[in-house]
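Q: Have a look at the structure that comes next, please.
The values are calculated or read from the model by the stated rules, or taken from the named source; none is laboratory data. No experiment lies behind these values; they were computed from the predicted model shown. Here the Cβ positions follow ideal geometry from the backbone for every residue, glycine too, while neighbour counts run over all protein chains shown.
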Amino acid sequence: MTEEQWVNLPSEQVHVTDGITTLARVGPVRIRYRMRGATLSAFRIRTVPDPGDAAYTANERTRNRNYRLIVSTAQNGGVAEGRLLKTVKLPAAGGNVYALRALYRGHEVRSSITVESRRRLYYQVMHMAGMTAHSTANLEQAVWDPAKKFYVQLLRKPAGASEIPIHQSIQIDIDDHLVIEMALNDPAVFQLGPYGRFGFVLCFARYIVSSRDQTLTVSCPVSQPGRLFQRVPNGYELTLPAGTHLWYGMDDIDDAANSWLISVVGCAFTDADGTVSAITVNRDDLVVLPDHDFAHGGRRRIFLVLDDTRLPRAFFGATRGSLQLSLDLRLVDSWTNGYQWRNTVVIANRVVWEDMSAAVREYTLVHEIGHRLGMAASGTPSASMPAIAPQAPWAAAHTPDVHAQYYDQSWGGHAGGHCQNGANWDGTNWGGAPSCVMFGADGVGWVNADGSVTINQAPPQFCPLCEPQVRKADLSH
Ligand SMILES: [Zn+2]
Ligand SMILES: [Zn+2]
């Protein structure tokens with residue numbers, strides 16, 4: 001008979017739930033014995049691994065106790081029947097099968113029970129007010145996957161989704177993730193307390209985005225009728241370069257404060273003869289125009305309220321020339337699909353002002369949970385991977401051995417341990433076709449010579465180099 005042994009969990013009653021029916025199946029294997037006499041007897045326990053088991057390298061076993069199979073000499077304390085005080089602690093991997101034997105005075109007794117290792121984590125789904133809590137069914141299947149023997153059971157508790165207040169834009173660059181972590185762990189909504197470090201929150205947010213400050217000069221032509229014509233209140237539409245967008249629509253409080261405009265650096269009018277005159281422009285003279293590049297926003301057009309009496313006038317004929325307006329702006333800098341931080345995983349509903357596609361969302365969910373599982377593993381930097389630093393000390397000590405396609409934020413701006421399998425970094429840009437969900441972005445895109453865009457989407461699966469790491473991951477922390 002084969003029993004599932006939940007190797008990452010401690011032997012605590014709280015885990016005896018949802019398919020686990022006895023404490024004996026949680027944590028180390030505890031062996032029940034029956035002997036003919038009640039004499040004090042010491043005996044050895046032997047485990048027989050299956051040929052299909054995930055094996056740990058010597059480095060891994062040295063580095064992390066949880067990668068070792070620990071069986072101690074056991075004795076019965078002079079009692080004929082009971083449970084051994086000592087236990088068999090199985091290694092961290094999922095899907096490993098062990099037969100159990102007892103050796104006593106040269107006799108081997110075979111247990112009728114074979115154990116097969118499993119791992120479990122608990123998660124609660126939350127969403128910000130107004131945002132959609134999407135299905136996580138594919139995610140659960142991706143990390144259980146019997147064919148690959150991952151056997152990480154993500155157990156959703158409670159079944160529904162909990163709502164937290166909206167935080168319109170999470171800005172990683174100003175440590176918003178700390179604010180979100182507090183909101184998600186608020187006892188009013190957080191229900192995973194009994195599961196301790198084995199529980200994490202998966203929250204669907206609106207935007208995860210960062211800003212930058214930049215001074216830009218934009219210009220527009222001026223063509224005013226001559227002074228003899230009727231004067232009208234006037235203004236000018238100015239457009240930022242393509243791909244440049246104002247920090248507008250990201251947060252209502254920021255919009256009310258016009259925080260997209262840091263300051264007006266200067267404004268000048270250049271007439272048809274090349275004569276330059278300074279024009280005084282105040283913050284209040286500038287308004288964001290409503291047209292936008294994407295479904296939910298992306299504004300880069302500004303209206304400058306400028307009555308033509310403020311322009312130098314030609315005495316006769318039209319006033320012609322151009323305006324140059326220099327502004328210190330707060331711009332939208334970069335977008336993030338999701339992130340994992342401590343016991344929180346946050347996934348954006350929208351990216352670049354569009355609803356995130358189902359394909360990108362699936363990729364992002366598996367990717368961020370991958371980080372929660374310690375991916376991409378970075379244990380034991382090897383001579384073939386000299387550029388591994390900076391390497392998180394926890395990952396160095398606890399994750400499986402690094403593989404040859406590992407990279408970190410020192411290459412290509414992807415924070416954390418990632419896998420570049422199939423992709424390549426030329427020092428400036430990513431190219432190729434990423435073949436792993438642990439690539440640091442949902443795909444690689446570039447503009448071809450003819451102006452067309454090629455996008456190689458990263459798949460929502462772990463690559464063959466990462467698969468053994470997922471299977472071997474230590475989830476007891
Ligand atoms: Zn990542
Ligand atoms: Zn990979």
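Q: Take the residues in region 307-349 that are β-branched (V, I, T) and part of a strand (DSSP E or B), then tell me which one is farthest from ligand 1 (Cβ to nearest atom).
A: Of region 307-349, the ones β-branched (V, I, T) are 309, 319, 332, 336, 344-347.
Imposing the further condition that a residue be part of a strand (DSSP E or B) reduces the set to 319, 332, 344-347.
Values: T319: 55, V332: 20, T344: 14, V345: 11, V346: 12, I347: 12 Å.
Checking each candidate, the answer is T319.
Q: Residues to consider are T132, T244; find the one that is surrounded by fewer than 20 Cβ atoms within 10 Å (Cβ to Cβ), among the polar types (S, T, N, Q), at pLDDT 95 or above and under 21 Å from the mean Cα position of the chain (by Cα). Don't jump to the end; show me each part of the working.
A: On the way: T244 fails: under 21 Å from the mean Cα position of the chain (by Cα).
Just one listed residue meets the conditions, T132.
Q: Moving on. For region 169-181, indicate whether the set of residues that are part of a strand (DSSP E or B) and not assigned by TED's automatic domain parsing to the domain that holds A295 is non-empty.
A: Filtering region 169-181 for residues part of a strand (DSSP E or B) gives 169-170.
Within this subset, residues satisfying the condition of being not assigned by TED's automatic domain parsing to the domain that holds A295 are 169-170.
Checked region 169-181: at least one residue is part of a strand (DSSP E or B) and not assigned by TED's automatic domain parsing to the domain that holds A295.
Q: Also: Scan region 60-82 residue by residue and report those that are among the basic types (K, R) and either loosely packed, with under 14 Cβ neighbours inside 10 Å or modelled with pLDDT of 90 or more (or both).
A: Applying the first criterion (among the basic types (K, R)) to region 60-82 yields 61, 63, 65, 68.
Answer for region 60-82, where residues must be among the basic types (K, R) and either loosely packed, with under 14 Cβ neighbours inside 10 Å or modelled with pLDDT of 90 or more (or both): R61, R65, R68.
Q: Given (1) modelled with pLDDT of 95 or more; (2) more than 17 Å from F294 (Cβ to Cβ); (3) over 16 Å from the mean Cα position of the chain (by Cα), identify the lone condition not met by L323.
A: (1)
Q: Identify all residues within region 150-194 that are under 30 Å from S334 (Cβ atoms) and among the aromatic types (F, W, Y); write none if there are none. If you could, list the steps in order and put the result at the bottom.
A: Step one: list which residues in region 150-194 are under 30 Å from S334 (Cβ atoms), which gives 154, 161-186, 189-190.
The one that is under 30 Å from S334 (Cβ atoms) and among the aromatic types (F, W, Y): F190.
Q: Answer with yes or no whether L365 is crowded, with 22+ Cβ neighbours inside 10 Å and modelled with pLDDT of 95 or more. Steps first, please.
A: Values: crowded, with 22+ Cβ neighbours inside 10 Å: yes; modelled with pLDDT of 95 or more: yes.
Considered against the rule, which asks whether it is crowded, with 22+ Cβ neighbours inside 10 Å and modelled with pLDDT of 95 or more, L365 comes out as yes.
Q: Check off (1) surrounded by 13 or more Cβ atoms within 10 Å (Cβ to Cβ); (2) under 27 Å from I20 (Cα atoms) for P187 and give me the number that stays unchecked.
A: Every condition holds for P187 apart from (1).
Q: Another one. When you look at A38, is it assigned by TED's automatic domain parsing to the domain that holds R101 and at pLDDT below 90, yes or no? Write out each step before concluding.
A: On the way: assigned by TED's automatic domain parsing to the domain that holds R101: yes; at pLDDT below 90: yes.
The answer is yes for A38.
Q: Could you give me the residue pairs with C-beta distances under 8 Å whose first residue belongs to region 132-144 and is closer than 20 Å to L475 by Cα, whose second residue is at pLDDT 95 or above and exposed (fewer than 13 other Cβ atoms within 10 Å of the Cβ) wherever it lies, and which are 6+ apart or on separate chains?
A: Sorted first by the residue in region 132-144, then by its partner, the list stays empty.
Q: Considering every residue within region 283-305, establish whether at least one is outside the structural domain of D251 (by TED's automatic domain parsing), free of Cβ contacts under 8 Å to residues at least 12 places away in the same chain, surrounded by fewer than 20 Cβ atoms within 10 Å (Cβ to Cβ) and not hydrophobic (A, V, I, L, M, F, W, C). Don't jump to the end; show me each part of the working.
A: Restricting attention to region 283-305, the residues satisfying the condition of being outside the structural domain of D251 (by TED's automatic domain parsing) are none.
No, there is no match, as no residue in region 283-305 is outside the structural domain of D251 (by TED's automatic domain parsing), free of Cβ contacts under 8 Å to residues at least 12 places away in the same chain, surrounded by fewer than 20 Cβ atoms within 10 Å (Cβ to Cβ) and not hydrophobic (A, V, I, L, M, F, W, C).
Q: Turning to a different aspect of this structure: Among the listed residues A449, A433, A415, A423, which satisfies the condition of being surrounded by fewer than 18 Cβ atoms within 10 Å (Cβ to Cβ), within 16 Å of ligand 1 (Cβ to nearest atom) and aliphatic (A, V, I, L, M)? Step through it out loud before you land on a result.
A: Numbers: A449 fails: within 16 Å of ligand 1 (Cβ to nearest atom); A433 fails: within 16 Å of ligand 1 (Cβ to nearest atom); A423 fails: surrounded by fewer than 18 Cβ atoms within 10 Å (Cβ to Cβ).
So the residue among A449, A433, A415, A423 that is surrounded by fewer than 18 Cβ atoms within 10 Å (Cβ to Cβ), within 16 Å of ligand 1 (Cβ to nearest atom) and aliphatic (A, V, I, L, M) is A415.
Conditions (1) touching a Ser or Thr at 6+ places or on another chain (Cβ under 7 Å); (2) not in a loop (DSSP other than H, G, I, E, B), marked per residue:
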residue: A92; (1), (2): yes, no
residue: L100; (1), (2): yes, yes
residue: S111; (1), (2): no, yes
residue: S117; (1), (2): no, yes
residue: H127; (1), (2): no, yes
residue: T132; (1), (2): no, no
residue: E140; (1), (2): no, yes
residue: A147; (1), (2): no, no
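Q: If we scan region 262-276, do we find a residue that is touching a residue at least 60 places away in the same chain (Cβ under 8 Å), among the polar types (S, T, N, Q) and in contact with a Leu (Cβ under 7 Å, 6 or more places away or on another chain)?
A: Here is the first cut: in region 262-276, the ones touching a residue at least 60 places away in the same chain (Cβ under 8 Å) are 262-266.
Of the ones still in play, those that are also among the polar types (S, T, N, Q) are 263.
Still in the running and in contact with a Leu (Cβ under 7 Å, 6 or more places away or on another chain): none.
No, region 262-276 contains no residue that is touching a residue at least 60 places away in the same chain (Cβ under 8 Å), among the polar types (S, T, N, Q) and in contact with a Leu (Cβ under 7 Å, 6 or more places away or on another chain).
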